[in-house]
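Student: For reference, the structure I am asking about is given below.
Quick note: the coordinates plus some simple rules give every number you see, no bench work behind them. Predicted, not measured: the structure shown is a model, and the values here were computed from it. Every residue, glycine as well, gets a Cβ built from its backbone with ideal geometry; the counts of neighbours run over all protein chains shown.
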Amino acid sequence: MSNSRRNLLAALSLAFAAALLVALFRFSGVAIADLVAALGTTPASVIAAVLALTLANQLVSVARWRVLDRFLGRSPTIVPWGVATRATLRGALAGQVLPLQFSMPLARWASVRNGQAVNATLYEQLLDLILLACAGAAAILLFAWGPGMAASLALFCAAVLVSVATMPWLLHILRAVTRTLPRSVFIERAGQALARAASLPARTLFLLGWLSALRLAMLSLRTVLVVAAFAGGIDAALVAIGYPAVGLAMGLPFLPAGMGVADWSLAALVVFAGGTATAAATAALALRALTFASLAVLVALFELAALIESDRAAGSAAPQFGRP
């Protein structure tokens, strides 16, 4: 694809996302002033929880990168925690305005200047996609079956754990499925990615799967906390079970953090859980705003800490005149 066509596609994607956000405002009757006022009344405990869960989510991503770096690396050194955390935070923040499939690999590559960072990111995103798809399928079955919310939540957690435990076999099954599909460049690349992921040691795949499940749990909890703060009286367990649909929307490759699509998905989920259209739209838009703000704060804090540490190291290495 030429650069002009790629730029046109990016512009059209952003225009589509913006149109969806405008439509959400109009459909729900929420004004920008209303959203700002609602954000201004956000409890400090919710803000602190969103900040902490956002940081924890990024640290899990860093841990997966380091695990993959250990497997993929041709040198005995592994990317340091500090470097990896700053790069991951930059990529996540840029992923709020650019597709995450582009921003995260680029941010990591710019920090360490090797292709391993790009490959590790692609592995991470592939495993996340598989887990979200399995969790989403389980959620649909539970909603259709309707065994009761407590039983649904327990069965949903069990489905996630089973997906993690069977991750090596799931990769082989998906690889076999791609071989039966019509030949195309996209199918061939998908099959190659699945084959490379399936070649990882089973112990590594299990560890990565558990980390992905932990990340899913933290993102679900963050979503439930924000929704409960802006749309009281909803069924929190239902929102938690339905979150994988929002997660899949956020992973769309042509939209920044699923902009527009993810917001509509979450708003629909909140309405399904008992919220009003206005409260649902407010909660969805507030989650996006709080996520962006928390990532911006974390990037600023970690960059400032790195700058202070660099100045301190430079000061200690400078010659100390006047001393014997």
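Student: For the range 97-163, what does the equivalent ellipsoid look like in terms of its semi-axes, each the square root of 5 times an eigenvalue of the Cα gyration tensor, given largest first in whole Å?
Tutor: Details: eigenvalues 252, 26, 13 Å².
Sorted largest first and rounded, they come to 35, 11, 8 Å.
Student: State log₁₀ I(q)/I(0) for the range 204-324 at q = 0.14, 0.16, 0.17 Å⁻¹ as given by the Debye formula over alpha-carbon point scatterers of equal weight, solvent excluded.
Tutor: Those come out to -0.68, -0.81, -0.88, one per q.
Student: Work out, in µm²/s and without decimals, the Stokes-Einstein translational diffusion coefficient of the chain at 25 °C, 0.890 mPa s, Rh from Kirkwood over C-alpha pairs.
Tutor: Working: Rh = 21.3 Å.
It comes out at roughly 115 µm²/s.
Student: For the range 55-167, list log₁₀ I(q)/I(0) at each q in 0.15, 0.23 Å⁻¹, using the Debye formula over Cα point scatterers of equal strength and ignoring solvent, two decimals each.
Tutor: After summing over all Cα pairs, the log10 values are -0.72, -1.16.
Student: Provide the gained length on full extension for the span Thr180 to Cys157, in nm with one decimal, where the gain is 0.36 nm per separating residue minus the Cα-Cα distance. Walk me through the numbers before you get to the answer.
Tutor: On the way: separation 23, 0.36 × 23 = 8.28 nm, distance 3.13 nm.
Gain in length upon complete extension: 5.2 nm.
Student: Fewest to most neighbouring Cβ within 10 Å: what's the order for Asp69, Asp235, Asp263, Asp311? Show your work: numbers first, answer last.
Tutor: Numbers: Asp69 21, Asp235 15, Asp263 27, Asp311 10.
The fewest-first ordering by Cβ neighbours comes to Asp311, Asp235, Asp69, Asp263.
Student: Contact order normalised by length for the chain, with contacts defined as Cα pairs under 8 Å and 6 or more residues apart; what percent is it?
Tutor: Numbers: 345 pairs, mean separation 86.8, N = 324.
In percent, rounded to a whole number, it is 27.
Student: While we're on this one: Where does each of Arg108, Arg90, Arg70, Arg175 land when they are ranked from fewest to most other beta-carbon atoms within 10 angstrom?
Tutor: Details: Arg108 27, Arg90 21, Arg70 13, Arg175 18.
Taking fewest neighbouring Cβ atoms as first place, the list is Arg70, Arg175, Arg90, Arg108.
Student: Another question, if that's okay. Projecting each Cα onto the charge dipole of the range 1-127 (Lys/Arg +1, Asp/Glu -1 at the beta carbon, about the Cα centre), which of Val79, Ala11, Gly91 comes out farthest on the positive side?
Tutor: Value computed over the given set: Val79.
Student: Another question, then. With n ≥ 4 as the cut-off for DSSP H runs, can you work out [θ] at 222 nm for the chain, using -39500 (n - 2.57) per run divided by the number of residues, rounded to the nearest 500? The partial results should precede the final answer.
Tutor: Details: 13 runs with 264 residues, N = 324.
Rounded to the nearest 500, the figure is -28000 deg cm²/dmol.
Student: Fully extended, how many nm does the chain gain between Phe27 and Leu39 (0.36 nm per residue separation, minus their Cα-Cα distance)?
Tutor: Numbers: separation 12, 0.36 × 12 = 4.32 nm, distance 1.98 nm.
Gain on stretching Phe27 to Leu39: 2.3 nm.
Student: Each label point is 7 Å from the Cα along the Cα-to-Cβ direction; what then is the distance between the points at Leu12 and Arg113, in nm?
Tutor: 3.8 nm
Student: Quick one: what are the phi-derived ³J(HN,Hα) couplings along the range 272-288, Karplus 6.51/-1.76/1.60 with θ = phi - 60°, whole Hz, x for glycine and proline?
Tutor: 4, 7, x, x, 7, 4, 5, 5, 5, 5, 4, 5, 5, 5, 5, 4, 5
Student: Let me ask something else. Which ³J(HN,Hα) values in Hz, rounded to whole numbers, follow from the phi angles of the range 125-135 under the Karplus curve 6.51 cos²θ - 1.76 cosθ + 1.60, where θ = phi - 60° and Gly and Pro get x?
Tutor: Taking θ as phi minus 60°, the curve returns 5, 5, 5, 4, 4, 5, 5, 5, 5, 5, 5 Hz for the range 125-135.
Student: Starting from the Cα of Leu304, step 7 Å along the direction of its Cβ; do the same at Ala48; then give the gap between the two resulting points in nm.
Tutor: 1.8 nm
Student: Give, in nm to one decimal, the length gained when the segment between Ala293 and Ala195 is fully stretched (0.36 nm per residue of separation minus the Cα-Cα distance). Mind dumping the intermediate values first?
Tutor: Details: separation 98, 0.36 × 98 = 35.28 nm, distance 3.78 nm.
That works out to 31.5 nm of additional length.
Student: Compute the distance in nm between two label points, each set 7 Å from the Cα along the Cα-to-Cβ direction, one at Asp311 and one at Arg5.
Tutor: 5.0 nm
Student: Ok, one more. Considering the options Pro168, Ala48, Val299, tell which one lies farthest towards the positive end of the dipole of the chain, charges being +1 on Lys and Arg and -1 on Asp and Glu at the Cβ, about the Cα centre.
Tutor: Pro168
Student: Let me ask another. Ranked by Cβ crowding within 10 angstrom, fewest neighbours first, how are Trp210, Trp145 ordered?
Tutor: On the way: Trp210 15, Trp145 11.
Least to most surrounded, the residues fall as Trp145, Trp210.
Student: How large is the charge dipole for the chain, taken about the Cα centre, if only the Cβ atoms of Lys, Arg (+1) and Asp, Glu (-1) carry charge, to the nearest 20 debye?
Tutor: Values: 22 positive and 10 negative charges, 216 e Å.
Here the chain has a charge dipole of around 1040 debye.
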